[in-house]
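One structure is given below, encoded as C-alpha cells.
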Amino acid sequence: MFNSLEGHGVIVTGAGKGIGRGIAKRFGAVGCRVLVVARTQSDAQAVASEIIAAGGTARACTADVRDAADNAAMVKAALEAFGRVDVLCANAGIFPSARLGAMTEQDFDSVMDTNLKGMFLSVSACLPTMKNARRGRIVLTSSITGPITGYPGWAHYGASKAAQLGFMRTAAIELAPFNITVNAVLPGNIATEGLDGLGADYIRSMEASVPMGRLGNVMDIANAALFFATEEAAYVTGQSLVIDGGQVLPESVAALDAIRG
Ligand code: NAP
C-alpha cells in the first residue's frame with residue numbers, strides 16, 4: 001500500500017528505551033537505516049543490535065539532546081554512516097512529577113530543557129542537510145498531556161508538550177518550501193519503562209480511563225510516526241495525531257461506566 005522507505009536515513013532521539021526504541025525498531029523493520037540516539041551508550045547499542053539482529057541497519061549514538069554540539073555530532077554521525085538524513089523523530093523526553101508550590105525553578109527548567117529546547121536543537125541540527133536535499137520528515141513526540149488534558153504534577157511537562165505543537169505549526173510553514181514536513185504524535189498512556197516508574201496504582205487507574213481498556217504499546221505510536229514519514233503523507237504538515245485508545249473522549253466517568261455495564 002505504501003511506497004518503500006528502504007534505505008532512508010532516520011534519526012530517533014530518546015531511542016534507548018520505550019517509545020523511541022519502538023520507533024527505531026519499526027523504521028528498521030521497513031529497511032530504513034536508523035541512528036539510535038540516547039544518553040546511555042549501552043541502551044543505544046542494545047537497540048541498534050536488536051535492529052541489526054532482525055536484519056536491519058542501525059548505529060548507536062550517544063548524545064544529550066540538551067546540548068547543541070551533541071545534536072550536531074548526532075547528525076554528522078548519521079551522515080557519515082548513511083549518507084543522508086531523511087527523517088528525524090524528535091522523541092527524547094522526561095516526565096518527572098512536581099505539584100505547584102513544590103515545583104522548583106530547576107524542575108521547570110529541566111523539563112523545558114529536554115522536552116522543548118532539546119527538540120528545537122535536534123530539529124535545528126537536521127535542517128541544513130534536509131534543506132539541501134529539499135526533502136525531510138520531522139516527527140515530534142508530544143503527548144495528550146498539555147495539548148488536550150492535564151494531570152496533577154505535570155504543569156511543566158504539559159506546558160512543554162503543548163509548546164512543542166506551537167513550535168511545530170510555525171516550523172511547518174517555514175519548512176514547507178523545502179518539502180520538509182513537521183508533524184506530531186500525541187501518545188496517551190503507553191506501556192514503557194518510563195511509565196513503569198510511575199507505579200502500579202497509576203497504571204491501573206490509566207487502564208480504567210481508556211475506553212479500549214488497555215494502555216497503548218510502543219508500536220501503536222511507532223506506526224503513526226512511520227505514516228508521517230511516508231511519501232503518501234507528503235502533503236500532511238503541521239498536524240498532530242492522537243494515539244490513545246480513546247482516552248481523551250469520555251465527557252465523564254459516567255461515559256466509561258456506560259460502556260462497561
Ligand atoms: P522512557 O521510557 O523514559 O525513555 C526515554 C528515552 O529518552 C530514554 O532512552 C532516555 O535515555 C532518553 N532521554 C531522556 N533524556 C534525554 C536527553 N536529554 N538526551 C537524549 N536522550 C534522552 O520514556 P517514554 O515513555 O518512551 O517517552 C518517550 C517520549 O514519549 C517522551 O517525549 C514522552 O514525553 C513521550 N510520551 C510518553 C508517554 C507514555 O505514556 N510513555 C505518553 C505521552 C508522551 P537516556 O536517559 O539514556 O538518554
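The values are calculated or read from the model by the stated rules, or taken from the named source; none is laboratory data. What you are looking at is a predicted structure, and each value in this text was computed from that prediction instead of being measured. Ideal geometry is used to build each Cβ from the backbone, glycine not excepted, and the neighbour counts take in all protein chains shown. Heads up: the accessible areas ignore ligands, DNA and RNA and are worked out on the full protein's heavy atoms, side chains in. Shrake-Rupley method; radii C 1.70, N 1.55, O 1.52, S 1.80 Å.
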Scan of region 192-233 for residues that are buried (at least 20 other Cβ atoms within 10 Å of the Cβ) and touching a residue at least 60 places away in the same chain (Cβ under 8 Å), ordered by number: THR192, VAL218, ILE221, ALA222, ALA225, LEU226, PHE228, ALA229
Condition met for ALA81 (surrounded by fewer than 24 Cβ atoms within 10 Å (Cβ to Cβ) and of a type in the set (A, V, I, L, M, F, W, C)): yes
Long-range neighbours under 8 Å by Cβ, at least six apart or interchain, first residue within 14 Å of ILE23 (Cβ to Cβ) and touching a residue at least 60 places away in the same chain (Cβ under 8 Å) within region 129-148, second assigned to a helix (DSSP H, G or I) and small (Gly, Ala, Ser): ARG137/ALA229; ARG137/ALA233; VAL139/ALA225; VAL139/ALA229; THR141/GLY20; THR141/ALA225; SER142/ALA162
Qualifying residue in region 240-247 (condition: under 22 Å from GLY150 (Cβ atoms), touching a residue at least 40 places away in the same chain (Cβ under 8 Å), open to solvent by less than 30 Å² (accessible area, probe 1.4 Å) and small (Gly, Ala, Ser)): yes
Hits in region 223-261 (condition: in contact with a strand residue (DSSP E or B) (Cβ under 9 Å, 6 or more places away or on another chain) and among the hydroxyl-bearing types (Ser, Thr, Tyr)): THR230, TYR235, THR237, SER240
Residue tally, condition assigned to a helix (DSSP H, G or I) and β-branched (Val, Ile, Thr), over region 215-245: 2
Condition broken by SER160, with the remaining ones in (1) open to solvent by less than 10 Å² (accessible area, probe 1.4 Å); (2) more than 10 Å from the ligand (Cβ to nearest atom) satisfied: (2)
Only one of ILE19, ILE94 that is farther than 16 Å from VAL139 by Cα and either within 15 Å of the chain's Cα centre (by Cα) or among the aromatic types (Phe, Trp, Tyr) (or both): ILE94
Selection status of ALA63, small (Gly, Ala, Ser) and touching a Cys at 6+ places or on another chain (Cβ under 7 Å): no
Residue selected from region 1-43 under the condition over 12 Å from CYS89 (Cβ atoms) and in contact with a Ser or Thr (Cβ under 6 Å, 6 or more places away or on another chain), by the criterion modelled with the lowest pLDDT: PHE2
Any hit, region 134-145, residues being in contact with a Gly (Cβ under 7 Å, 6 or more places away or on another chain), open to solvent by less than 40 Å² (accessible area, probe 1.4 Å) and assigned to a loop (DSSP other than H, G, I, E, B): yes
Answer residue from region 122-133, given it is closer than 14 Å to ILE11 by Cα and more than 10 Å from the ligand (Cβ to nearest atom) and is nearest to the chain's Cα centre (by Cα) among those: VAL123
Subset of region 38-60 (residues that are under 17 Å from the mean Cα position of the chain (by Cα) and within 22 Å of LYS117 (Cα to Cα)): ALA38, ARG39, ALA44
Within region 1-118, helices (runs of 4 or more DSSP H) holding 2 or more residues that are in contact (Cβ under 8 Å) with a residue 60 or more places away in the chain and within 15 Å of the ligand (Cβ to nearest atom): 18-29, 68-82
Of the criteria (1) more than 10 Å from the ligand (Cβ to nearest atom); (2) over 25 Å from GLY101 (Cβ atoms), which one ALA191 fails: (1)
